[in-house]
1. For Thr54, all conditions in the list (1) modelled with pLDDT of 90 or more; (2) part of a strand (DSSP E or B); (3) open to solvent by 50 Å² or more (accessible area, probe 1.4 Å) hold save one; what is the number of the exception?
2. Could you check, for the stretch 11-26, whether at least one of its residues is of a type in the set (Lys, Arg), crowded, with 16+ Cβ neighbours inside 10 Å, in a helix (DSSP H, G or I) and touching a helix residue (DSSP H, G or I) at 6+ places or on another chain (Cβ under 8 Å)?
3. Any residue in the stretch 59-78 that is out of contact with any helix residue (DSSP H, G or I) (no Cβ under 8 Å at 6 or more places or on another chain), among the small types (Gly, Ala, Ser), within 21 Å of Thr24 (Cα to Cα) and surrounded by fewer than 16 Cβ atoms within 10 Å (Cβ to Cβ)?
4. May I ask you to list the residues in the stretch 85-132 that are in a helix (DSSP H, G or I) and in contact (Cβ under 8 Å) with a residue 12 or more places away in the chain?
Amino acid sequence: MLNDQQRLLQHLQGVEKKAGEILTDRQDVVALDRRRNDDRVGMRALQQQKCDKTWITVGPLLLKMSSNEAEKLLIQDQKECDIEINKIRSNLKVKVNELRDLEFNPPVPGLMLKPLSHKEMAALNEGRGKNL
């Protein structure tokens, strides 16, 4: 009886831990998406300003740098955010399926689908008689 209770408690702890990881990952995606959007707003402001130098915040620092360098910095940060978001999202799919396994539910249908590549779409459209 005590052994069954311990196994049940360990199972519930595993479910809660996996669910916590999923929630944390989702919050990370939202935070990275906000940062990516802030980068986009900053780039738009730089493009409209037409100044040689600009002030930019990097963490807690306020720096004055050339507008071109600031724009390159924002573009690089946006790319890094995109990469990190894609990593988290792909890991999130695996974690959701692991949680479903722990809950004795079947995997979410269609969760691991991947979009068709451009070549595959072109071949599909060509087979249907459409040209791109």
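1. (3)
2. Within the stretch 11-26, one or more residues are of a type in the set (Lys, Arg), crowded, with 16+ Cβ neighbours inside 10 Å, in a helix (DSSP H, G or I) and touching a helix residue (DSSP H, G or I) at 6+ places or on another chain (Cβ under 8 Å).
3. Checked against the condition, which is being out of contact with any helix residue (DSSP H, G or I) (no Cβ under 8 Å at 6 or more places or on another chain), among the small types (Gly, Ala, Ser), within 21 Å of Thr24 (Cα to Cα) and surrounded by fewer than 16 Cβ atoms within 10 Å (Cβ to Cβ), the stretch 59-78 yields no hits at all.
4. Answer for the stretch 85-132, where residues must be in a helix (DSSP H, G or I) and in contact (Cβ under 8 Å) with a residue 12 or more places away in the chain: Ile85, Ile88, Arg89, Asn91, Leu92, Lys93, Lys95, Val96, Asn97, Glu98, Leu99, Leu102.
The values are calculated or read from the model by the stated rules, or taken from the named source; none is laboratory data. For clarity, every value in this text was computed on a predicted model and none was experimentally measured. No Cβ is skipped: glycine too gets one built from the backbone with ideal geometry, and neighbour counts run over all protein chains shown. Please note that ligands, DNA and RNA were not included when accessible areas were found on the heavy atoms of the full protein model with its side chains. Shrake-Rupley method; radii C 1.70, N 1.55, O 1.52, S 1.80 Å.
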